[in-house]
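Engineer: Mind having a look at this structure? Questions to follow.
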Amino acid sequence: MSLELIRYQPMPPIYTQEHLLFQDSVRRFCAAEILPSLTSWEEKRFFPNELFPKLGAQGFLGIFVDEQWGGVSGDYLMAGAWCEEFGRVPAVGLTTGVNMHSLVVAAAVNRFGSGEAKEQWLQRAVAGTAIGAYAFTEPGVGSDLFNLKTKAVPDGDYFIINGAKTFITNGARADFIIALTRTSHDKGYGGFTTFVIDTKTPGFKVNRTLSKIGWHSSDTAELSFTDMRIHKSMVLGTFDHGWYHAMSSLEWERLMLTLGALGGARECLEKTVTYVNDRGVFGASIGSYNHTRELLASLWAKLETGRALAHHCLDLLQGGKRCRKEVSLAKLFVCELAVEVADRCLQLHGGYGYTTEFLPERWLRDLRLNPIGGGTSEIMANVVAKDLRLL
């Protein structure tokens with residue numbers, strides 16, 4: 001008896017039929033415009049900027065952007081449906097690069113940007129003709145953003161910015177970035193300001209791109225700012241409130257990574273089910289052996305649990321509720337699970353799994369970053385522990 005897998009269809013109240021039709025359009029776009037070239041892009045370690053206008057032409061880059069700027073004024077459910085389906089593309093660097101541009105950077109400018117910043121960047125961001133990056137992490141600081149050293153000093157109608165950033169997705173290709181800086185030294189969390197920065201500004205430099213174990217088609221860069229003059233109109237949100245603006249969207253950013261990991265793990269698992277049903281050993285398919293069936297059933301059950309957690313968070317965000325603990329639980333569970341799924345799927349492919357001919361090795365390398373990026377698993381556990389009032 002072969003192991004069969006019925007493709008799970010999400011049910012209301014999370015995703016409606018409209019969301020499923022939207023996911024189908026995403027799937028068809030990826031099959032036509034991304035999957036045929038993906039291996040080549042991975043080998044070249046860069047996907048072309050021309051992909052962004054193609055995504056923009058389909059309306060995929062403006063989910064969180066108002067219609068007046070060319071967006072679709074979408075909600076968290078639409079964004080969640082996008083992340084799960086787009087996350088099935090077997091190149092997490094590419095999918096994260098697109099999502100950081102559209103669902104984080106463009107969304108932040110739409111929500112907090114001045115009229116001048118919106119006029120300069122939003123329509124182009126939605127069209128894919130200007131690419132954005134999110135520059136918060138610094139060398140030697142990592143997740144400890146409170147101790148970042150990049151400074152912005154007032155100078156008339158301008159600010160002079162000096163500092164450095166690292167691990168910046170889209171950093172080498174970006175036309176504009178949003179960067180968190182320290183603007184006051186005696187206000188604690190009230191001493192940070194975020195700026196929208198044109199990368200053509202004198203003093204901006206891409207120091208280098210980082211070679212990574214995975215995410216090969218995505219550029220990850222180290223940046224430096226030397227005496228950059230940025231006009232006060234490019235302050236994102238309220239001066240000295242950059243920390244609070246960043247924290248207000250952190251739950252979504254972590255859920256975005258979680259949903260992408262969920263989509264990738266499901267894709268890896270589904271393709272592995274097909275493989276073990278087709279692959280024969282000792283006169284039977286791999287999928288017919290009890291160990292295989294029990295393993296895949298266990299992984300499937302865990303994925304359904306993770307999906308329920310993630311959808312619960314989506315439901316809370318959609319209802320305007322905070323969900324720091326819930327998102328931290330979901331990210332911790334799902335992102336660790338995604339690595340386990342890729343590892344077990346690689347094992348089921350045998351020696352072929354260790355080759356680049358089959359995708360589990362790429363999923364394993366790519367999904368391995370998800371328990372680190374956006375807040376490590378250790379930080380997620382600490383957040384949950386604090387909310388549980390553990391000492």
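Engineer: Give the Rg (one decimal place) followed by the Dmax (whole number) of the stretch 75-188, computed from C-alpha coordinates and expressed in Å.
Structural biologist: Looking at the stretch 75-188, its Cα Rg and Dmax stand at 15.7, 49 Å.
Engineer: Taking the Kirkwood radius as the inverse of the mean 1/r across Cα pairs, report the Rg/Rh of the stretch 67-109. List each step's numbers first, then the result.
Structural biologist: Working: Rg = 11.0 Å, Rh = 11.1 Å.
On the Cα set of the stretch 67-109, Rg over Rh gives 0.99.
Engineer: I'd like the distance separating the alpha-carbon centroids of the stretch 335-391 and the stretch 124-179, in whole Å.
Structural biologist: 27 Å
Engineer: Based on the Cα atoms of the stretch 234-335, what semi-axes does the equivalent ellipsoid have, where each is the square root of 5 times one gyration tensor eigenvalue, given in whole Å with the largest first?
Structural biologist: Numbers: eigenvalues 330, 36, 15 Å².
Gyration-tensor ellipsoid for the stretch 234-335: 41, 13, 9 Å.
Engineer: Sequence-distant or interchain residues sharing an amide H contact under 5 Å with Leu223, placed H: which?
Structural biologist: HN-HN under 5 Å from Leu223: Lys165, Thr166, Asn207.
Engineer: If the viscosity is 0.692 mPa s and the temperature 37 °C, what Stokes-Einstein diffusion coefficient in µm²/s follows for the stretch 187-291 when Rh is the Kirkwood radius over Cα pairs?
Structural biologist: Answer, rounded: 175 µm²/s.
Engineer: A further question follows. Would you work out if the stretch 241-283 is rounded, prolate or oblate? Take a ≥ b ≥ c from the square roots of the eigenvalues of the alpha-carbon gyration tensor; rounded if a/c is under 1.5, else prolate when a/b is larger than b/c, oblate otherwise. Mind showing how you got there, number by number?
Structural biologist: Working: a/c = 10.03, a/b = 7.24, b/c = 1.39.
Here the stretch 241-283 falls in the prolate category.
Engineer: Keeping all protein chains in place, calculate the accessible area per residue for the chain (probe 1.4 angstrom), answer in Å². Don't skip to the answer; put the middle values down first.
Structural biologist: Working: 17240 Å² over 391 residues.
With the other protein chains kept in place, the chain gives 44 Å² per residue.
Engineer: Using Cα atoms only, what is the angle between the long axis of helix 242-278 and the major principal axis of the chain, expressed in degrees (0 to 90) to the nearest 10?
Structural biologist: 20 degrees
Engineer: At q = 0.14, 0.17, 0.19 Å⁻¹, what log₁₀ I(q)/I(0) does the stretch 285-391 have when each alpha carbon counts as one equal point scatterer in the Debye sum?
Structural biologist: -0.67, -0.87, -0.99
Engineer: Rounded, prolate or oblate: which one fits the stretch 108-244, using the alpha carbon gyration tensor with axes a ≥ b ≥ c (rounded when a/c is under 1.5, else prolate when a/b beats b/c, else oblate)? Spell out each step's value before the answer.
Structural biologist: Details: a/c = 1.63, a/b = 1.15, b/c = 1.42.
It comes out oblate by the Cα gyration axes.
Engineer: Just the Cα atoms of the chain, one point each, no solvent: what log10 I(q)/I(0) does Debye give at q = 0.11, 0.12 Å⁻¹?
Structural biologist: -0.78, -0.93
Engineer: Also, quick follow-up: When the Cα atoms of the stretch 217-276 are enclosed in a convex hull and the volume is divided per residue, what value in Å³ results? Let's see the in-between values first.
Structural biologist: Working: hull volume 8.2 nm³, N = 60.
Per-residue hull volume (Cα only) is 137 Å³.
Engineer: Among rounded, prolate and oblate, which fits the stretch 297-344 when a ≥ b ≥ c are the square roots of the eigenvalues of its C-alpha gyration tensor, a/c under 1.5 means rounded, and a/b larger than b/c means prolate?
Structural biologist: Working: a/c = 3.85, a/b = 2.18, b/c = 1.77.
Cα axes put the stretch 297-344 in the prolate bin.
Engineer: Here's something else I'd like to know. Within straight cross-link reach of Lys44, meaning Cα distance under 12 Å, which aspartates and glutamates are found once same-chain residues fewer than 8 apart are removed?
Structural biologist: Asp219
Engineer: Could you work out the Kirkwood radius for the stretch 38-88, taking every pair of different alpha carbons, averaging 1/r and inverting it, reported in Å?
Structural biologist: Working: mean 1/r = 0.0810 Å⁻¹.
Answer for the stretch 38-88: a Kirkwood hydrodynamic radius of 12.3 Å.
The values are calculated or read from the model by the stated rules, or taken from the named source; none is laboratory data. Not measured: the values here are computed from a predicted model. Surface areas here come from the heavy atoms of the whole protein model, side chains and all, with no ligands, DNA or RNA. Shrake-Rupley method; radii C 1.70, N 1.55, O 1.52, S 1.80 Å.
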